[in-house]
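See structure below.
Here, each number is a calculation from the coordinates, and none is a lab measurement. Source: prediction; values computed, not measured. All Cβ positions, glycine included, derive from the backbone under ideal geometry; neighbour counts span all protein chains shown.
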Amino acid sequence: MEKLGVDIKLLIAQITNFILFFIVFKKLVSKPFKNFLDDERKKEELKEKLDSAIKEFEVKKQSDEKNFKEKFEKEKQKIIKETREEAEKKRTEMLNETEEEIGRLKTKTKEELEKSRQIMEKQLKKDIVTLGIEIVRTGFKNYLTPQTMKELTATMIKNAVKEN
């Protein structure tokens, strides 16, 4: 090999140097660098998982908010509907009660008016009888005897009582 211009001692020294360099590189540089890269990859994976979890959480949160709003809106509409129905029911009840009260008042008023009319008729008849008696006393006083006036008065009273 010396003919080729290669020194074997130098070649062995370089191979030994290369092997030593390779061992030192592998032990001191390669492993820590590989560990560093592995750590960085793990951190990146963890970051991606966290980002994914955050996105899932945000999606779930938005979905929950939407569901809550829908549920709230449905409940609100239900309460409004129930309140309207209840108010309408109360209104109807109040109208019915008012109509019944009006009917009772009309009946009572009619009865009172009828009683008043009857009382007034009785009073009017009494007044007519009294007036008739007075007319007989004063008007026919000169023409009738006291006995005839008494009979005429009794007849008028009897007829007035029959009409009642």
Exercise for the section: Mind checking which lysines have their Cα closer than 18 Å to the Cα of LYS89? Skip sequence neighbours fewer than 8 apart in that chain. Expected result: LYS78, LYS81
Completion exercise
Taking Cα atoms only, Rg over Rh for the chain with Rh from the Kirkwood formula is 2.11
Handout entry: Linear extension gain, LYS27 paired with ASP127, 0.36 nm per residue minus alpha-carbon span
Key = 21.6 nm
Practice task
Compute the longest continuous run of the chain that contains no exposed trypsin sites (Lys or Arg not before Pro); treat a site as exposed when its DSSP state is not H, G, I, E or B and it has at most 14 other Cβ atoms within 10 Å.
Solution key: 4-140
Handout entry: Within straight-line cross-link reach of LYS34, lysines at Cα separation under 26 Å, skipping those fewer than 8 residues along the same chain
Key = LYS26, LYS42, LYS43, LYS47, LYS49
Problem - For the range 102-164, the spread of Cα positions along each principal axis, largest first, Å - result: 59, 19, 8
Exercise for the section: Would you calculate the separation in nanometres between label points at ILE119 and GLN14, each defined as 7 Å from the Cα along the Cα-to-beta-carbon direction? Expected result: 14.7 nm
Practice task
Would you mind checking the pairs LYS115/LYS158; LYS115/LYS150; LYS122/LYS150; LYS115/LYS162; LYS126/LYS150 and listing those with alpha carbons more than 26 angstrom apart?
Solution key: LYS115/LYS150
